[in-house]
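Worksheet: the structure to be examined is printed underneath.
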Amino acid sequence: MTLAVVRNLAAPRAMQSDVDAEDFEQEIVDQYALALAATGAVDSTVDFSCRAVVDFVRFCERRLWTLGVEEADRYLVFLRRERGLRPSTVQAYAGAIVRFYDFAISRYQGDIHALTGCVMTQPIDEFNRPARANLSRVRVPPSREEVEALFTQWAAALPSARKYLPAARDYMAASLWRRGGLRIRESAMLDIRDWRPDLGHWGKLHIRFAKGSRGRGPKTRLIPAIDGIDALMSWWLTDVRHQFADDWTNPDAPLLPSERRDELTGSCCRIGTDALRSGLAGAVQRWLPEWGGLLTPHGLRHYCASALYERGMDLKAIQDLLGHNWLSTTSHYIHVPNQHIENEWIQANDRTALRLQV
């Protein structure tokens, strides 16, 4: 998308007609788009944020500085009942409106009041703000025994696979999700140069296309090759990757390639996320059928967090590994076995008993 050229809202002008009011309203939205772009927000985020505000204003058929909680109540009900939007989508619309009004009130409340006589207020409050729609969707991963059985059988079947190279690639990607907690796109976007065996005790993977917060574009992180990732990388680069094409010596070539070749260079194309997702789904259906259609790449990311926490890794270290901005997000990824509470209870009682004996 492209950003419009906007005027300075502080420029003197008089509100003499509906056209002037409409222009002034559009200038505020344009300034918001400019501010979002300044934060590094991607075009799709800027576009959705502005469209949500414009949609809200058009639904209410009033100027944005006159809208309050009553109008927001009606709009959110409209999105749910008339448009039939999912709770997560309604939450996204509400969030976009909240951020816009916070921006307008913080920066331009004085100008708005001087030109319109209205005191702008936040229309989304603690009473009509939609609850987080995804908190009730707990992605409890399989047990350690189930995951071990899946990957053990998967690895044993690789030599006899009808198409060995795609099967090995899918296994490699899923192993990165299981052991390093990578997102599916993060793994698909890895290049050969992103493996740095010279860093740290076991080497590190350079994640260059990690998910950014609120659509602000990708961010980067380095993750250590713990839990056997170093051995997996050695196997992949020594025994498998060179069989796809001669581009294995090119540091810019994809680490996880497709069988297709680029028509111009003859190098391997990058594998798509749908293919990797299908590879895992097929393996689960074959060797862990009770989880068929349930275990996803993101589910293995949850498994990685839970397994590392169960083995004693600090929650902050898991946060850094997964690339979360907030520790609270990481805590939602931790699903410990049922006996964890009982074990903590027993240990607490033992500590109490020791204190009483002193």
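The values are calculated or read from the model by the stated rules, or taken from the named source; none is laboratory data. Note that the structure is a prediction, hence the values are computed from the model and not measured. Here the Cβ is made from the backbone with ideal geometry for all residues, glycine too, and neighbour counts use every protein chain on show.
Overview of results
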item	result
Filter result (of a type in the set (Asp, Glu) and either assigned to a helix (DSSP H, G or I) or free of Cβ contacts under 8 Å to residues at least 40 places away in the same chain (or both)) within region 85-126	Asp102, Asp111, Glu126
Checking Ser278 against (1) more than 18 Å from Leu300 (Cβ to Cβ); (2) surrounded by fewer than 18 Cβ atoms within 10 Å (Cβ to Cβ), the condition it does not meet	(1)
Unmet requirement for Tyr75, which otherwise passes all of (1) in contact (Cβ under 8 Å) with a residue 24 or more places away in the chain; (2) outside any loop (DSSP other than H, G, I, E, B); (3) among the aromatic types (Phe, Trp, Tyr)	(1)
Given (1) at pLDDT below 95; (2) assigned to a helix (DSSP H, G or I); (3) of a type in the set (A, V, I, L, M, F, W, C), number of the condition Val54 does not satisfy	(1)
Region 251-274, residues that are among the aliphatic types (A, V, I, L, M) and in contact (Cβ under 8 Å) with a residue 40 or more places away in the chain	Ala253, Leu255, Leu256, Ile271
Some residue of region 185-193 being in contact with an Asp or Glu (Cβ under 6 Å, 6 or more places away or on another chain) and either more than 15 Å from Cys304 (Cα to Cα) or assigned by TED's automatic domain parsing to the domain that holds Lys219 (or both)	yes
Candidates Val57, Val19, Val77, filtered to the one that is among the β-branched types (Val, Ile, Thr), over 21 Å from the mean Cα position of the chain (by Cα) and over 20 Å from Gln122 (Cβ atoms)	Val19
Pairs, first within 25 Å of Gly323 (Cβ to Cβ) and in contact (Cβ under 8 Å) with a residue 40 or more places away in the chain in region 278-302, second of a type in the set (Val, Ile, Thr) and surrounded by 13 or more Cβ atoms within 10 Å (Cβ to Cβ), C-beta under 8 Å, six or more apart	Leu280/Thr296; Leu295/Val284; Pro297/Ile184; His298/Ile184; Leu300/Val147
Residues located in region 233-258, provided they are of a type outside the set (Asp, Glu), in a helix (DSSP H, G or I) and over 22 Å from Ile184 (Cβ atoms)	Ser234, Thr238, His242, Gln243, Trp248, Thr249
Members of region 303-317 found to be without any contact (Cβ under 8 Å) to a residue 40 or more places away in the chain and surrounded by 20 or more Cβ atoms within 10 Å (Cβ to Cβ), listed by number	Tyr309
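Rundown of residues vs (1) closer than 22 Å to Arg185 by Cα; (2) part of a loop (DSSP other than H, G, I, E, B); (3) at pLDDT 90 or above; (4) acidic (Asp, Glu), yes/no style:
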{"position": "Glu290", "(1), (2), (3), (4)": "no, no, yes, yes"}
{"position": "Leu295", "(1), (2), (3), (4)": "yes, yes, yes, no"}
{"position": "Leu300", "(1), (2), (3), (4)": "yes, no, yes, no"}
{"position": "Tyr303", "(1), (2), (3), (4)": "yes, no, yes, no"}
{"position": "Leu308", "(1), (2), (3), (4)": "yes, no, yes, no"}
{"position": "Met313", "(1), (2), (3), (4)": "no, yes, yes, no"}
{"position": "Ile318", "(1), (2), (3), (4)": "yes, no, yes, no"}
{"position": "Leu321", "(1), (2), (3), (4)": "yes, no, yes, no"}
{"position": "Thr330", "(1), (2), (3), (4)": "yes, no, no, no"}
